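Novice: Before anything else, here's the structure in question.
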Amino acid sequence: MMHAVIAAHCTGCELCLPPCPVDCIDMVPTPLRWTEADAKGAKRRAAARKMRIAGEKPKTALTDRKAVIAAALKRKARA
């Protein structure tokens with residue numbers, strides 16, 4: 001199977017190098033600079049990965065939507 005590193009999500013941590021079975025990944029300098037939004041996205045992806053590895057179910061936007069709808073229905077019922 002062919003795999004690829006997603007350059008837009010690369011943090012330069014080099015964790016992809018050791019598990020590469022054919023040693024075909026080269027780390028090259030890039031002119032791109034990370035923004036705060038990029039860093040937050042990387043943290044979110046790392047947290048989701050840790051949850052997957054631990055076997056936990058990640059919180060999804062769907063769950064959040066359900067909570068928002070439930071809260072709205074509660075407010076409606078009280079009114």
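Novice: Scan region 31-79 for residues that are at pLDDT below 80, of a type in the set (Lys, Arg) and in a helix (DSSP H, G or I) and report the count.
Specialist: Total satisfying the criteria: 1.
Novice: Now, a different point. Checking the structure you have, find out if any residue of region 15-30 is hydroxyl-bearing (Ser, Thr, Tyr), over 21 Å from the mean Cα position of the chain (by Cα) and at pLDDT below 80.
Specialist: So far as region 15-30 goes, yes, one or more of its residues are hydroxyl-bearing (Ser, Thr, Tyr), over 21 Å from the mean Cα position of the chain (by Cα) and at pLDDT below 80.
The values are calculated or read from the model by the stated rules, or taken from the named source; none is laboratory data. Not measured: the values here are computed from a predicted model.
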